[in-house]
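Novice: I have a structure I would like to understand better, so I am pasting it below and will then ask my questions one at a time.
The values are calculated or read from the model by the stated rules, or taken from the named source; none is laboratory data. The shown structure was predicted, so the numbers you read here are calculated from the model rather than taken from an experiment. Glycine gets a Cβ as well: all are built from the backbone with ideal geometry, and neighbour counts include every protein chain shown.
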């Protein structure tokens with residue numbers, strides 16, 4: 001994973017969509033780890049160093065906003081739903097949550 005490029009792309013997509021809905025871009029200042037705090041810390045040891053670096057800088061807007069990252073995915077998933085099989089040895093992460101328009105419950109996966 002090229003962390004800087006991935007963070008830049010994620011945050012730019014967030015900013016474009018956020019501003020298109022007449023929201024102030026200065027509100028985009030909270031990372032995934034900053035938003036989910038203890039829930040995020042609880043799974044930190046299961047994440048790769050690259051994914052941790054990405055999530056420490058990737059913006060989220062939180063649950064109180066009607067904002068989707070993209071047409072097919074809502075945004076970065078809640079830490080409690082990162083590992084769909086809940087096994088401690090799993091390296092497959094559901095990074096972006098799917099919305100309700102598709103048949104498959106998983107969004108964008110990271111391995």
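Novice: Within region 1-42, track down each residue that is farther than 12 Å from residue 58 by Cβ and surrounded by 15 or more Cβ atoms within 10 Å (Cβ to Cβ).
Specialist: Listed by number, the residues that qualify are 17, 18, 23.
Novice: Also, quick follow-up: All but one of (1) at pLDDT 95 or above; (2) within 19 Å of residue 97 (Cβ to Cβ); (3) surrounded by fewer than 16 Cβ atoms within 10 Å (Cβ to Cβ) hold for residue 66, so report the exception by its number.
Specialist: (1)
Novice: Where in region 1-87 are there helices (runs of 4 or more DSSP H), lying wholly inside it, with at least 3 residues that are farther than 22 Å from residue 106 by Cα?
Specialist: 3-20, 32-41
Novice: Which of (1) closer than 24 Å to residue 71 by Cβ; (2) in contact with a helix residue (DSSP H, G or I) (Cβ under 9 Å, 6 or more places away or on another chain) does residue 21 not meet, given it meets every other one?
Specialist: If we test residue 21 against (1) closer than 24 Å to residue 71 by Cβ; (2) in contact with a helix residue (DSSP H, G or I) (Cβ under 9 Å, 6 or more places away or on another chain), just (2) comes out false.
Novice: (1) modelled with pLDDT of 90 or more; (2) in a loop (DSSP other than H, G, I, E, B): which one isn't true of residue 101, the others all being true?
Specialist: Condition not satisfied by residue 101: (1).
Novice: Also, I was wondering about something else. Mind checking which residues of region 71-94 are loosely packed, with under 14 Cβ neighbours inside 10 Å and at pLDDT 85 or above?
Specialist: Once the filter is applied, which keeps residues that are loosely packed, with under 14 Cβ neighbours inside 10 Å and at pLDDT 85 or above, region 71-94 yields only 80.
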